[in-house]
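J.: Could you have a look at this structure, given as structure tokens, before my questions?
The values are calculated or read from the model by the stated rules, or taken from the named source; none is laboratory data. Here the structure is a predicted model, which is why all the values come from computation and not from measurement. In this analysis, Cβ positions are derived from the backbone assuming ideal geometry, glycine residues included, and neighbour counts consider all displayed protein chains.
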């Protein structure tokens, strides 16, 4: 039967719409931003859902999770879905879920994009760590989001789980502990309710998802603080106060996007929900408080009400574990931000902006680093290592933000994909408790990558499933971490629950085949070599200089101060412009000998180092030109010296 022209026309229009819809699904994204939000129209602002606490708290739960940051929310959901009666409890006087994301207004995710997978034309990039993170991610606008959308998405996930009791108004949360022969067992928590009464809750297991691992620390857990593991005990990354500006209409946003497109800065870009850049422009901003603040490039997150959030003001010398210090940091921000806004108004796109608020919580990047059964280290990232007990993946650059106004920060390494082991959420001297999030067991340099929210949420999901398995097996977390069959069962369950944490074989990086690679490994581990984005600054064949060696020794001396006691700066006093001269083997050995406190001359230093076991034959044989050492040669010499004086560098 023949169809009429009208019917053919309708079918043609419908078919065209289907084709357009399919094409938009696969091509309407910004390759540079790697974000699902670009190409989408802004949605309408949601009404913030009121979060309700449970009225009756039981005296015993299968699982207690402390902290409503994303990692804690994920742990609670995972526990509940695994059949555990779960208490999710908050002790920071918050009214909404999401913590740093929603109360700290950090509305742009540092995503773990799967850089090891090939990207197909027209297909958005994949991200690592699926599972519950994916469920939440699909509810928000993209890797930058409206904080109300994010808070509502968290709450919707939590309130849909009948096994979760949520309590938001606890104070003075402390662990209930029992001392055992070789560890301390965490048996639950004690806290004050909103009416001031003290309530004790016993738990088969506890997950500490507080930002600073407060519960594990109170139970006697072992930690390093800030950059202590590098010998820089008082140093830690800057904190940030995110602030909100209004009067950014479509015209202003288009100007922002145009500036990001036209700039020659490769670190700039934008999409529908976010923009990042202005790095060179913000170098011209002179802080009012020069000792405590500095502006970095702007990370701009768009909100559905026509406002933007800006993450850029860095504040130094704030102890994130000290409430008075945190409050001082907030006061510094309140005084500095109005001056920042006046500076921004010189740009056309910001001429009409007004400050409408500062985030209620500071973005604190670094406090405690737990000593777990395994400390994730920067070489794990450098070599993209898998772990037999993997529970999460990371690929975000190891981004070490400034620690002072004179510091520039660094991207230490840029991994393609590395695994986080279960052992890194298990304390080395506690049982009955797991620690997830930024204060888990990472060295400070590895923490620069592993601290990101998606990694912590994957750890949270793994923790909830691990609690269920430990109850079934009647096994402690520390015993579980040493039992491959149980870990395999945990991984199988996590994969069934959507996590996608299968084993993989990393591809060797090109620099790993270099003759000086062992020196580079040691240098990266000690914090004296950085690769930047795509590891492009690992130039092992670059000619070194005497000043670069001195600078490296200053970093090494912070950690190995009892071994390197000499004033090595004197070794270059007679060299004109030491940063412009090639580093000779004689000069390198002399500088290291002075640093080691040896009574050596320029002529005898090489032989003296060799006799003292501070220089190996293998290193000497690798050096091709004694009159012009490379950075790789220098790293090998330093490796020999440190290992000769202090033992193995990488434990």
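Yes/no matrix, rows are residues, columns are (1) surrounded by 22 or more Cβ atoms within 10 Å (Cβ to Cβ); (2) at negative phi; (3) part of a loop (DSSP other than H, G, I, E, B):
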{"residue": "300", "(1), (2), (3)": "yes, yes, no"}
{"residue": "338", "(1), (2), (3)": "no, yes, no"}
{"residue": "342", "(1), (2), (3)": "no, yes, no"}
{"residue": "357", "(1), (2), (3)": "no, no, no"}
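J.: I'm trying to understand the selection: among the residues of the range 50-70, which are surrounded by 24 or more Cβ atoms within 10 Å (Cβ to Cβ) and closer than 14 Å to residue 203 by Cβ?
T.: Selection gives 61, 63, 64, 65, 66.
J.: Going residue by residue through the range 277-284, is there one that turns out to be in a strand (DSSP E or B) and crowded, with 20+ Cβ neighbours inside 10 Å?
T.: yes
J.: Whether any residue in the range 491-504 is under 22 Å from the mean Cα position of the chain (by Cα) and closer than 28 Å to residue 230 by Cβ is what I want to check.
T.: Checking the range 491-504: not a single residue is under 22 Å from the mean Cα position of the chain (by Cα) and closer than 28 Å to residue 230 by Cβ.
J.: Quick test for you: out of 330, 295, 370, pick the one residue that is modelled with pLDDT of 95 or more, in contact with a helix residue (DSSP H, G or I) (Cβ under 9 Å, 6 or more places away or on another chain) and closer than 26 Å to residue 147 by Cβ.
T.: Working: 330 fails: in contact with a helix residue (DSSP H, G or I) (Cβ under 9 Å, 6 or more places away or on another chain); 370 fails: closer than 26 Å to residue 147 by Cβ.
None of the others qualify; the one that does is 295.
J.: Here's another thing I want to ask about it. For the structure I just gave you, tell me whether residue 633 is in contact with a helix residue (DSSP H, G or I) (Cβ under 6 Å, 6 or more places away or on another chain), part of a helix (DSSP H, G or I) and either closer than 24 Å to residue 513 by Cα or modelled with pLDDT of 95 or more (or both).
T.: Values: in contact with a helix residue (DSSP H, G or I) (Cβ under 6 Å, 6 or more places away or on another chain): no; part of a helix (DSSP H, G or I): yes; either closer than 24 Å to residue 513 by Cα or modelled with pLDDT of 95 or more (or both): yes.
No, not satisfied.
J.: Looking at 41, 34 in this structure, which one is modelled with pLDDT under 95 and out of contact with any strand residue (DSSP E or B) (no Cβ under 6 Å at 6 or more places or on another chain)?
T.: Answer to the selection: 41.
J.: Still on this structure, I have one more. When you go through 384, 408 one by one, which is the residue that is farther than 20 Å from residue 225 by Cα and either at pLDDT below 95 or assigned by TED's automatic domain parsing to the domain that holds residue 538 (or both)?
T.: The conditions single out 408.
J.: Also, I was wondering about something else. Return the only residue of 140, 73 being out of contact with any strand residue (DSSP E or B) (no Cβ under 8 Å at 6 or more places or on another chain), more than 25 Å from residue 414 (Cβ to Cβ), surrounded by 21 or more Cβ atoms within 10 Å (Cβ to Cβ) and modelled with pLDDT of 95 or more.
T.: Just one listed residue meets the conditions, 140.
J.: Tell me whether the range 298-305 contains one or more residues that are at pLDDT 95 or above and closer than 30 Å to residue 224 by Cβ.
T.: Yes: the range 298-305 contains one or more residues that are at pLDDT 95 or above and closer than 30 Å to residue 224 by Cβ.
Each row is one residue, and each column tells you yes or no for (1) in the same structural domain as residue 474 (by TED's automatic domain parsing); (2) closer than 21 Å to residue 633 by Cα; (3) at pLDDT 95 or above; (4) assigned to a loop (DSSP other than H, G, I, E, B).
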{"residue": "498", "(1), (2), (3), (4)": "yes, no, yes, yes"}
{"residue": "515", "(1), (2), (3), (4)": "no, yes, yes, yes"}
{"residue": "519", "(1), (2), (3), (4)": "no, yes, yes, no"}
{"residue": "531", "(1), (2), (3), (4)": "no, yes, yes, yes"}
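J.: Looking for whichever is under 24 Å from residue 442 (Cα atoms) and assigned to a loop (DSSP other than H, G, I, E, B) here; the options are 139, 130. Which one fits? Don't jump to the end; show me each part of the working.
T.: Working: 139 fails: under 24 Å from residue 442 (Cα atoms).
Result of the check over 139, 130: 130.
J.: Among the residues in the range 376-389, are any surrounded by 19 or more Cβ atoms within 10 Å (Cβ to Cβ), in contact with a helix residue (DSSP H, G or I) (Cβ under 9 Å, 6 or more places away or on another chain) and in a strand (DSSP E or B)?
T.: Yes, because at least one residue in the range 376-389 is surrounded by 19 or more Cβ atoms within 10 Å (Cβ to Cβ), in contact with a helix residue (DSSP H, G or I) (Cβ under 9 Å, 6 or more places away or on another chain) and in a strand (DSSP E or B).
J.: Here is a follow-up. For the range 591-607, state whether one or more residues are in the same structural domain as residue 539 (by TED's automatic domain parsing), in contact with a strand residue (DSSP E or B) (Cβ under 6 Å, 6 or more places away or on another chain), at pLDDT 95 or above and surrounded by fewer than 17 Cβ atoms within 10 Å (Cβ to Cβ).
T.: no
J.: Kindly list the number of the only condition in (1) without any contact (Cβ under 8 Å) to a residue 40 or more places away in the chain; (2) more than 30 Å from residue 490 (Cβ to Cβ) that fails for residue 502.
T.: Answer for residue 502: the failing condition is (2).
J.: Checking residue 538 against (1) touching a residue at least 60 places away in the same chain (Cβ under 8 Å); (2) crowded, with 19+ Cβ neighbours inside 10 Å; (3) closer than 27 Å to residue 416 by Cα, only one condition comes out false. Which one?
T.: The failed condition is (1).
J.: When you scan the range 82-102, do you find a residue that is assigned by TED's automatic domain parsing to the domain that holds residue 167, surrounded by fewer than 22 Cβ atoms within 10 Å (Cβ to Cβ) and in a strand (DSSP E or B), even just one?
T.: So far as the range 82-102 goes, no, none of its residues is assigned by TED's automatic domain parsing to the domain that holds residue 167, surrounded by fewer than 22 Cβ atoms within 10 Å (Cβ to Cβ) and in a strand (DSSP E or B).
J.: Is it the case that residue 118 is out of contact with any helix residue (DSSP H, G or I) (no Cβ under 6 Å at 6 or more places or on another chain) and modelled with pLDDT under 95?
T.: yes
J.: Now, a different point. Regarding residue 553, is this residue touching a residue at least 40 places away in the same chain (Cβ under 8 Å), crowded, with 20+ Cβ neighbours inside 10 Å, at negative phi and touching a strand residue (DSSP E or B) at 6+ places or on another chain (Cβ under 7 Å)?
T.: No, not satisfied.
Yes or no, residue by residue, for (1) touching a strand residue (DSSP E or B) at 6+ places or on another chain (Cβ under 7 Å); (2) at pLDDT 95 or above:
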residue: 51; (1), (2): no, yes
residue: 69; (1), (2): no, yes
residue: 78; (1), (2): no, yes
residue: 87; (1), (2): yes, yes
residue: 101; (1), (2): no, yes
residue: 113; (1), (2): yes, no
residue: 129; (1), (2): yes, no
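J.: In the range 622-638, is there at least one residue being in the same structural domain as residue 529 (by TED's automatic domain parsing) and without any contact (Cβ under 8 Å) to a residue 24 or more places away in the chain? Don't jump to the end; show me each part of the working.
T.: Initially, the range 622-638 is screened for residues in the same structural domain as residue 529 (by TED's automatic domain parsing), giving 622-638.
With the extra rule that they be without any contact (Cβ under 8 Å) to a residue 24 or more places away in the chain, the set shrinks to 624-625.
Yes, the conditions are met somewhere in the range 622-638.
J.: Quick one: in the range 599-619, of everything that is touching a residue at least 12 places away in the same chain (Cβ under 8 Å) and not in a loop (DSSP other than H, G, I, E, B), which residue is nearest to residue 563 (Cα to Cα)?
T.: Ranking the qualifying residues of the range 599-619, first place goes to 609.
J.: Has the range 562-579 got at least one residue that is closer than 23 Å to residue 643 by Cβ, in the same structural domain as residue 610 (by TED's automatic domain parsing), in contact with a strand residue (DSSP E or B) (Cβ under 6 Å, 6 or more places away or on another chain) and touching a residue at least 12 places away in the same chain (Cβ under 8 Å)?
T.: No; the residues of the range 562-579 include none that is closer than 23 Å to residue 643 by Cβ, in the same structural domain as residue 610 (by TED's automatic domain parsing), in contact with a strand residue (DSSP E or B) (Cβ under 6 Å, 6 or more places away or on another chain) and touching a residue at least 12 places away in the same chain (Cβ under 8 Å).
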